[in-house]
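Q: Dropping a structure here in structure tokens format, bear with me for questions.
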Amino acid sequence: KPLVFSGVQPTGNLHLGNYLGAIRKFVALQEKHECIFCVVDMHSITAQLVHEDLKAQTRSIAAAFIAAGIDPVKHIVFNQSAVPAHAELAWIFNCVARIGWMNRMTQFKDKAGKDRENASLGLLAYPSLMAADILLYRATHVPVGDDQKQHLELTRDIAQKFNIDFSARIKASGLGVDMMVGEEKVSGYFPMTEPLIEGPAPRVMSLRDGTKKMSKSDPSDLSRINMTDDAETIGRKIRKAKTDPAPLPESLDELEGRPEAQNLVGIYAALSDKTRQQVLDEYGGQQFSVFKPAHADLAVQVLEPITAEMQRLMADPSHIDAILREGSGRANAIAEKTMADVREIIGFL
Ligand code: AQP
């Protein structure tokens, strides 16, 4: 049965990339699927250990989920640290995964920088915890931005190695299902989870440099639209966004080699639920001086109600805390069942 899982770290203000790459997709998927959405607070201490107010950050991500339209009654919304099985399964996956796999992760290389010896062990093992987040619920689909593709591939590698290493024991315990792994038929316990990355803006780029991902850690605030920006700020950032001097083209082919134009068209398409070609049908041949104000209006129209609702929800943290507590209880029940199976498969007494 399809099950959707995804997580967002409480590491500072959410931006348009987080919204279009993840949260907006969550809202669409909840209509047809059973979903679990997690504020991954344990991940947030891998790059930076001490946070000024992690509790408030955690609440604000949960508030963003709800304000964007996620239904916490139908679906599960919780914070990772409230379900200890994430750490327990991550430990087991640390023993399944190989150090070489972790060393190859581009996010680790980017975040660790030159001084790798000094990066936390948690930063290196980040993908192992992420695999545990997903596989604890035996999730089949994970909506994420394009930057997470490599981690999702690693999640599949971990699931596959676990299924193969414990193949005989999974079969003997009767806990597995038959599945094909490459050419080999194995009795597997964990599914081969599929990433859901498609859409017109799978990787939202910086407004100052169309070759760099929009990110919280970019020192320039002009490079991103934060979910907390007011209408005036959003307008200013889009007006100041880097562009080339040519008008917008009429065909997608002509967008190639124009990263900033490509980015703005992709964002507009995602915000308006159109394809990039439909946006070019409307604005092809027009100057950015025409497109940018329309773009700003659209961004404000989409983001303003969400921001207002987030602020309303944040005014009474007890409501958000109750949602997270209830969600953690439901998540814990599923997680404990998986852990009982995993302990049995491994042979822990
Ligand atoms: N630029 C982006 N375009 C599309 N999707 C994006 N995501 C992040 N940036 C973009 C997606 O947002 C979800 C939550 O991501 P996260 O909690 O892992 O946050 P992050 O990736 O750490 O966010 P940043 O801004 O990229 O932080 P820094 O600057 O610390 O690296 C994920 O689904 C992610 O794909």
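Each reported figure results from applying straightforward, stated rules to the coordinates on display, with no laboratory input. This one's a predicted model, so the numbers in the text were calculated from it and none came from an experiment. Ideal geometry is used to build each Cβ from the backbone, glycine not excepted, and the neighbour counts take in all protein chains shown.
Q: So what is the calculated 222 nm ellipticity per residue for the chain, using -39500 (n - 2.57) for each DSSP H run with n of 4 or more, over all residues, to the nearest 500 deg cm²/dmol? Don't skip to the answer; put the middle values down first.
A: Working: 14 runs with 172 residues, N = 349.
After summing the helix terms and dividing by residue count, I get -15500 deg cm²/dmol.
Q: Report ³J(HN,Hα) in whole Hz for each residue of the range 262-275, in order, from the Karplus equation J = 6.51 cos²θ - 1.76 cosθ + 1.60 where θ = phi - 60°; Gly and Pro get x.
A: Whole-Hz 3J(HN,Hα) from phi for the range 262-275: 4, 5, 5, 5, x, 5, 4, 4, 5, 5, 9, 6, 10, 8.
Q: So, one more: Suppose the chain between Arg169 and Gln311 were pulled fully straight at 0.36 nm per residue; how much longer would it get relative to their current alpha carbon spacing?
A: On the way: separation 142, 0.36 × 142 = 51.12 nm, distance 5.06 nm.
The span from Arg169 to Gln311 would gain 46.1 nm if fully extended.
Q: Give me the percent relative contact order of the range 221-313, please, defined on Cα pairs under 8 angstrom at least 6 residues apart.
A: Relative CO of the range 221-313 lands at 36 percent.
Q: Once you place label points 7 Å from the Cα toward the Cβ at Glu256 and Gln287, how far apart are they in nm?
A: Taking the simple label geometry, Glu256 and Gln287 are separated by 2.9 nm.
Q: Which pairs break 28 Å Cα to Cα here: Lys213/Lys240; Lys109/Lys337; Lys114/Lys213; Lys111/Lys274; Lys1/Lys149?
A: Pairs exceeding the cut-off: Lys109/Lys337; Lys111/Lys274.
Q: Another question, then. Roughly what would the spin-label model give for Asn103 and Lys337, points 7 Å off Cα along C-beta, in nm?
A: Computed distance between label sites Asn103 and Lys337 equals 4.0 nm.
Q: With r defined as the distance between the Cβ atoms of Asp178 and Asp244 and R0 fixed at 45 Å, what FRET efficiency is calculated, to the nearest 0.05?
A: My answer for the efficiency is 0.25.
Q: How high is the relative contact order of the chain, given as a whole-number percent (alpha carbon pairs under 8 Å, six or more residues apart)?
A: Computed over the chain, the figure is 23 percent.
Q: Assign unit charges at the C-beta atoms only (+1 for Lys and Arg, -1 for Asp and Glu), then state the dipole size of the range 199-349 relative to its Cα centre in Debye, rounded to the nearest 20.
A: 400
Q: If amide hydrogens are placed 1.01 Å from N in the peptide plane, which non-local residues have theirs closer than 5 Å to the one on Asn79?
A: When sequence neighbours closer than 5 places are left aside, the close amide H contacts are Val39, Ser328.
Q: Hey, another quick one. Subtracting the Cα-Cα distance from 0.36 nm times the residue separation, let me have the gained length for Asp297 to Lys212 in nm, one decimal. Intermediate values should be presented prior to the final figure.
A: Working: separation 85, 0.36 × 85 = 30.60 nm, distance 2.42 nm.
Once the chain is fully extended between Asp297 and Lys212, it gains 28.2 nm.
Q: Could you work out how far helix 54-68 tilts from the main Cα principal axis of the chain, as a 0 to 90 degree angle to the nearest 10?
A: Value to nearest ten degrees: 70.
Q: Specify whether the C-alpha gyration tensor of the chain places it in the rounded, prolate or oblate class, a ≥ b ≥ c being the square roots of the eigenvalues: rounded for a/c under 1.5, otherwise prolate if a/b is larger than b/c and oblate if not.
A: Working: a/c = 1.91, a/b = 1.63, b/c = 1.17.
It is prolate, given that a/c is not under 1.5 and a/b is the larger ratio.
Q: Let me ask you something else. Please state the charge dipole magnitude for the chain, taken about the Cα centre, from unit charges on C-beta atoms (+1 on K and R, -1 on D and E), reported in debye and rounded to the nearest 20.
A: Dipole size: approximately 540 debye.
Q: Based on DSSP, what percent of beta bridges with both residues in the chain are antiparallel, to the nearest 5?
A: Counting DSSP beta bridges with both partners in the chain, the antiparallel share is about 35 percent.
Q: Contour minus end-to-end for Lys55 and Lys185, with contour as 0.36 nm per residue of separation and end-to-end as the Cα-Cα distance?
A: Stretched out fully, the Lys55 to Lys185 stretch lengthens by 42.3 nm.
Q: Please give the peptides 163-173, 106-116 ranked by average Cβ packing (other Cβ atoms within 10 Å per residue), highest first, as a rough proxy for protection.
A: Numbers: 163-173: 16.8, 106-116: 13.0.
Per-residue mean Cβ counts within 10 Å order the peptides as 163-173, 106-116.
Q: Moving to a separate point now. Among Leu49, Ala82, Pro259, which residue has its Cα positioned farthest towards the positive end of the charge dipole of the chain, with +1 placed on the Cβ of Lys and Arg, -1 on the Cβ of Asp and Glu, and the dipole taken about the Cα centre?
A: Final value for the positive-end residue is Leu49.
Q: Also, quick follow-up: Can you give the angle from 0 to 90° between the axis of helix 85-96 and the longest principal axis of the chain, with both taken from C-alpha atoms, to the nearest 10?
A: In the chain, helix 85-96 runs at an angle near 80 degrees to the longest axis.
Q: Against the longest alpha carbon principal axis of the chain, how many degrees, from 0 to 90 and to the nearest 10, is the axis of helix 288-314 turned?
A: Taking Cα atoms only, the helix is inclined about 50 degrees.
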